[in-house]
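Since the structure comes first, as structure tokens, the remarks are kept for the end.
The values are calculated or read from the model by the stated rules, or taken from the named source; none is laboratory data. For clarity, every value in this text was computed on a predicted model and none was experimentally measured. We place every Cβ from the backbone using ideal geometry, glycine too, and count neighbours over all the protein chains shown. Heavy atoms of the whole protein, side chains included, go into the accessibility calculation; ligands, DNA and RNA do not. Shrake-Rupley method; radii C 1.70, N 1.55, O 1.52, S 1.80 Å.
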Amino acid sequence: MAEIRLRNVNKRFGGVQVINDVSLDIADGEFCVFVGPSGCGKSTLLRMVAGLEEITTGELDIGGKRVTRLPPSARGVAMVFQSYALYPHMTVYDNMAFGLQLARTGKPDIDARVRRAADILALGPLLQRLPKELSGGQRQRVAIGRAIVRSPGVFLFDEPLSNLDAALRVQTRIEIAKLHASLRASMIYVTHDQVEAMTLADRIVLLNAGEAMRRDGSIAQVGRPLDLYHRPANLFVAGFIGSPGMNVLPATLAGATPERAELVLRDGTRASARVDATTLPADATVTLGIRPEHVGLAPADGTSALAGRASHVEQLGEASYLYLETPARDGFLTVRQGGDTGVAPGDAVAVTLPEAHCHVFGPDGRAVPRHLTAGPTGRPGSAGVH
Amino acid sequence: MAAVPVACTQDRAPAPPTLAESRVRAAWLFLAPLVVLMVLVAGWPLCRTLWFSLTDADLKDLGAARFVGLDNYTGEFGVLRDPDWWRAVGNTLLFAGVSVAIETLLGLVVALVLDADFPGRSVVRAAVLVPWAIPTVVSAKMWAWMLNDQFGVINHVLMTTHLISQPLAWVADPSLALGSVIAVDVWKATPFMALLILAALQMLPTDCYEAARVDGIHPVTVFVRVTLPLIRPALMVAVIFRALDALRVFDLVYVLTSNSRDTMSMSIYARQQLVDFQQVGLGSAAATVLFGTVALCTALAITLGRVRLEGAAG
Amino acid sequence: MRRVLPRLGLYGLASLIVLYSVFPFYYAIVSSLKTGQQLFDPGLIPPQIQFDNYAAVLGQGVFLLDLFNSVVVAVVVVAVSLGVGVTAAYALGRVRFRGRKLLLLSVLGVSMFPQVAVLSGLFELIRALGLYNSLPGLMLAYLIFTLPFTVWVLTTFMRELPKELEEAAIMDGATPWVIVRRVFLPLLWPALVTTGLLAFIGAWNEFLYALTFTLSPEQRTVPVAIALLSGASQHELPWGPIMAASVVVTVPVVALVLVFQRRIVSGLTAGAVKG
Ligand SMILES: Nc1ncnc2c1ncn2[C@@H]1O[C@H](COP(=O)(O)OP(=O)(O)O)[C@@H](O)[C@H]1O
Ligand SMILES: [Mg+2]
């Protein structure tokens with residue numbers, strides 16, 4: 001059993017706050033992804049769990065044991081580094097066996113574990129090679145193998161795919177997911193890539209950077225991938241999750257019932273959203289958010305349609321992206337449509353903003369609670385922030 | 001005192017050291033042999049030298065040394081009142097200044113040649129390493145032989161080309177001796193200078209050169225305006241290293257011109273007092289003054305030369 | 001013509017540099033192969049090659065003994081310096097602790113020490129330990145310059161090893177000692193060779209201490225032996241044997257330096273430019 005429990009964890013380098021008040025529970029066997037913009041402290045948080053970085057204040061338990069002050073080797077964790085960090089002068093076999101030798105594991109046991117890991121990762125024929133004789137993907141697998149042989153309760157990955165090319169990245173991503181399914185160990189995985197986060201995670205921890213980190217704490221939102229997608233807690237989360245990012249339009253609150261909020265956009269267009277904005281004052285300045293894939297193309301005579309002009313169009317085959325200039329916002333409004341829309345740059349386009357898909361963010365950037373009828377979202381409030 | 005309630009006072013064994021703590025502990029353990037040896041061979045002897053410089057110690061019986069205050073420095077027979085000492089100081093400064101200046105210029109030329117791309121460059125680089133590799137005593141002897149007044153090849157060449165009309169006593173003639181010492185030092189130390197400058201040159205980004213070349217700027221201008229400012233920090237470090245080395249010169253002068261006053265350096269003066277005249281007090285005082293001079297220069301070097309002490313790792 | 005002239009100038013300069021660098025050594029070799037009256041004729045090619053001078057130098061058993069002394073002293077000093085230096089360099093290069101900067105400064109300071117500054121104190125120490133006029137006395141004295149140099153250069157090399165490699169070893173449960181011995185040492189071999197070579201050359205060339213702390217010809221190192229080589233009469237130096245001895249002492253060092261050219265250069269500059 002290796003559940004991980006962080007309590008009010010802070011990290012300062014010198015006087016500089018890098019991690020602010022993280023409390024988090026990661027269940028045994030869970031795949032948890034730390035994601036966030038570069039420099040927000042993902043690696044630092046992971047390294048504190050690993051024991052490579054001291055925890056300035058706060059407590060950390062792994063498997064029910066207080067490990068805040070224990071060295072890494074006493075924590076039952078294994079780590080896969082971004083640069084792989086294989087020992088260049090040791091063969092693949094020795095790279096994997098090194099930690100076991102240091103732990104005074106018996107020779108037959110070491111051999112059995114190394115061979116089992118090699119089987120899992122298809123490294124069998126490479127055992128006598130040196131790291132420099134391996135490809136990037138193979139090195140990556142050895143690094144994972146080095147973690148596997150020790151049968152740790154917790155695997156820690158720090159951007160393990162960022163040194164691989166795109167094709168290999170997808171393939172390795174799938175292998176890591178399979179590995180998690182078969183090993184059933186807890187895993188914490190750091191990435192700045194939200195696609196990796198969405199595809200791998202049981203649960204995502206999205207971290208704040210800079211001012212928001214100092215104000216609201218390091219954790220922006222914790223939840224299952226689709227929770228973050230459908231119920232972003234604030235504008236930062238809404239913008240970070242999803243690609244291309246959510247469209248945001250400045251608006252004024254015109255009326256609110258528990259069922260629905262009426263909004264007026266900057267250009268006077270009226271819109272509504274299925275949210276409960278009754279706590280906000282009337283005429284509050286809010287932000288309407290809608291993902292590109294939810295913006296609809298309006299029939300020419302459409303009511304409540306937002307008028308715009310296509311600035312440019314990207315054809316991806318299975319989908320196309322329209323970038324609209326509209327008086328309702330600065331910059332472009334992005335629209336994703338399946339297949340080919342036939343819209344050409346310069347065409348006038350009217351779009352609809354379906355109320356079921358509109359998000360509303362209050363003046364402070366926090367999301368107003370949405371009503372989601374059905375769909376693949378999780379139980380609301382299952383997010384494990386404490 | 002006992003009024004403060006303590007939350008959790010079960011008598012526990014002291015907490016095991018954290019990673020950082022155990023690393024710091026290991027670091028001091030790792031440093032212990034170094035520290036012990038440095039104290040033994042450098043710290044302690046240095047302190048003893050300072051002490052001896054305040055006594056009338058004699059080499060034959062160091063134990064009988066009596067405290068004499070600053071007599072060895074400023075007393076009637078003190079170092080600072082000895083014209084020979086000041087002569088040694090003058091020689092040393094002249095030697096250091098002139099030889100380092102020439103070495104820097106020549107080193108720059110050699111480095112620029114080695115930085116150019118031409119077939120046979122590796123041969124030149126190998127050749128340049130030869131003077132550096134030759135022990136100082138050996139190079140002094142080699143040059144002493146070449147500079148020999150009667151049979152030396154240098155006089156021979158100069159005579160046959162009629163540059164001089166009669167053989168010169170390069171190392172014996174008081175007006176030539178220091179020049180000869182400088183010449184040999186230049187020959188021996190220029191490679192070191194050249195290699196350091198070359199390393200700096202090869203670290204320069206090539207794009208500003210290409211930009212300059214495209215702009216059609218004269219190479220000399222490029223050198224003065226672009227290259228020189230860029231390699232200045234490295235050049236400073238090299239000059240400082242060499243200057244500190246030159247200030248303590250001993251072997252070269254000792255072998256080439258023995259204890260001659262015309263070339264005597266501060267190190268030679270100190271050793272002569274110490275060993276030849278057995279006056280440990282005086283010799284130590286001279287050595288201390290030299291140490292002070294070099295220490296001052298080192299301190300300047302470390303601040304001016306921007307010697308990096310804090311690495312990224314660690 | 002415009003483009004040929006600079007090229008010619010470059011080659012001219014390069015030839016001049018080679019000539020200037022190599023000629024004295026060449027001339028020493030030539031002189032060492034001449035005997036008797038030939039020596040006083042400054043020809044650049046020996047009329048016939050004779051090894052009399054070498055026989056004379058090496059024939060006196062004491063020069064061979066001095067050569068052996070030099071090797072023993074240098075090897076021991078290098079071994080001790082590397083042994084002490086590797087762990088110290090790890091501590092100084094990779095562990096953050098209070099006092100590190102001060103230690104680094106002291107190490108740098110000692111390496112710039114004028115050797116004569118500790119002469120009387122060292123003399124006393126060596127005599128007190130009963131090591132006067134013996135090789136161990138010299139070994140002890142030589143540590144004063146080989147040790148700081150070794151530590152300084154190895155520290156710069158140590159810093160260049162990737163941080164994640166060390167952290168991987170820490171995750172594997174390696175103690176600092178295991179990290180040094182089983183992870184870093186195998187990667188530092190080139191640096192150790194370089195540093196050791198440079199320290200070896202320093203010890204091989206040392207003169208002041210060897211001159212001061214030894215007395216009998218049997219305990220000398222070769223630089224002292226060469227400096228003090230004298231002939232039958234007071235005034236005539238035996239130039240032939242001196243040149244032969246010089247060549248004998250120099251050839252191994254020059255050969256080593258040429259073989260390890262690149263390493264040497266990287267070691268020299270690691271200590272200075274990057275240091
Ligand atoms: N050893 C350190 N000393 C000082 N600051 C550090 C150190 N390590 C990281 N930081 C700072 O902490 C912040 C977070 O770093 P990191 O955890 O590496 O971010 P991420 O992995 O999310 O990109 C950065 O601003 C970085 O500059
Ligand atoms: Mg990172």
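Things to note:
- Matching option when the condition is open to solvent by 10 Å² or more (accessible area, probe 1.4 Å) and away from chain C (no Cβ under 14 Å), among B:D185, B:D207: B:D207
- Meets criteria (more than 16 Å from ligand 2 (Cβ to nearest atom) and either outside the structural domain of A:V205 (by TED's automatic domain parsing) or touching a helix residue (DSSP H, G or I) at 6+ places or on another chain (Cβ under 6 Å) (or both)) for A:G58: no
- Within region B:267-279, residues that are open to solvent by 10 Å² or more (accessible area, probe 1.4 Å) have Cβ atoms under 8 Å from residues that are hydroxyl-bearing (S, T, Y) in these pairs: B:R271/C:T212; B:V275/C:T212, counting only partners at least 6 apart in sequence or on another chain.
- Filtered residue count, region A:133-148, keeping only those that are outside any helix (DSSP H, G or I) and open to solvent by 30 Å² or more (accessible area, probe 1.4 Å): 1
- Subset of region C:1-42 that is facing chain B (nearest Cβ under 9 Å) and assigned to a loop (DSSP other than H, G, I, E, B) - its residue that is surrounded by the fewest Cβ atoms within 10 Å (Cβ to Cβ): C:D41
- Scanning region A:162-191 for residues that are within 16 Å of ligand 1 (Cβ to nearest atom) and crowded, with 19+ Cβ neighbours inside 10 Å yields A:I188, A:Y189, A:V190, A:T191.
- Test: A:E159 is within 14 Å of chain C (Cβ to nearest Cβ) and within 15 Å of ligand 1 (Cβ to nearest atom): yes
- Residue within region A:7-19 that is within 16 Å of ligand 2 (Cβ to nearest atom), closer than 22 Å to A:V237 by Cα and either open to solvent by 10 Å² or more (accessible area, probe 1.4 Å) or free of Cβ contacts under 8 Å to residues at least 12 places away in the same chain (or both) present: yes
- Scanning region A:88-109 for residues that are open to solvent by less than 10 Å² (accessible area, probe 1.4 Å) and either among the β-branched types (V, I, T) or not assigned by TED's automatic domain parsing to the domain that holds A:R141 (or both) gives a single hit, A:V92.
- Residue check for A:L206: in contact with a strand residue (DSSP E or B) (Cβ under 7 Å, 6 or more places away or on another chain), within 16 Å of ligand 2 (Cβ to nearest atom) and within 21 Å of A:H359 (Cα to Cα): yes
- The residue that is nearest to the other protein chains (Cβ to nearest Cβ), counting only those in region C:167-190 that are open to solvent by less than 10 Å² (accessible area, probe 1.4 Å) and touching a residue at least 60 places away in the same chain (Cβ under 8 Å), is C:V180.
- Subset of region B:25-46 [farther than 30 Å from A:P71 by Cβ and either more than 7 Å from chain C (Cβ to nearest Cβ) or of a type in the set (A, V, I, L, M) (or both)]: B:L37, B:M38, B:V39, B:L40, B:V41, B:A42, B:G43, B:L46
- Residue count for region C:199-231 under the criterion of being of a type in the set (D, E, K, R), facing chain B (nearest Cβ under 10 Å) and surrounded by fewer than 23 Cβ atoms within 10 Å (Cβ to Cβ): the result is 0.
- Flag: C:L119 does not match the condition of being in contact (Cβ under 8 Å) with a residue 24 or more places away in the chain, facing chain B (nearest Cβ under 7 Å) and either more than 30 Å from B:Q279 (Cβ to Cβ) or polar (S, T, N, Q) (or both).
- Within region C:43-64, the only residue that satisfies the criterion of being within 12 Å of chain B (Cβ to nearest Cβ) and open to solvent by 40 Å² or more (accessible area, probe 1.4 Å) is C:L44.
- Here the condition is being in a loop (DSSP other than H, G, I, E, B), of a type in the set (A, V, I, L, M) and under 30 Å from A:V35 (Cα atoms); of A:A238, A:A277, A:A220, it holds for A:A277 alone.
- Residue match in region B:103-115 (condition: at the interface with chain C (Cβ under 7 Å from one of its Cβ atoms) and under 19 Å from B:I197 (Cα atoms)): yes
- Failed item in (1) outside any loop (DSSP other than H, G, I, E, B); (2) crowded, with 17+ Cβ neighbours inside 10 Å, with A:G255 passing the rest: (2)
- Residues considered: C:M139, C:M158. Of these, the only one that is in a helix (DSSP H, G or I), more than 7 Å from every other protein chain (Cβ to nearest Cβ) and open to solvent by 20 Å² or more (accessible area, probe 1.4 Å) is C:M139.
- Of all residues in region B:241-260, those satisfying the criterion of being modelled with pLDDT under 85 and either surrounded by fewer than 20 Cβ atoms within 10 Å (Cβ to Cβ) or more than 9 Å from chain C (Cβ to nearest Cβ) (or both) are B:S258, B:N259, B:S260.
- Cross-chain or 6+ apart pairs with Cβ under 7 Å, region A:61-86 first and open to solvent by less than 40 Å² (accessible area, probe 1.4 Å), then basic (K, R): A:D61/A:R5; A:I62/A:R75; A:V67/A:R75; A:A78/A:R150; A:Y84/A:R139; A:L86/A:R139
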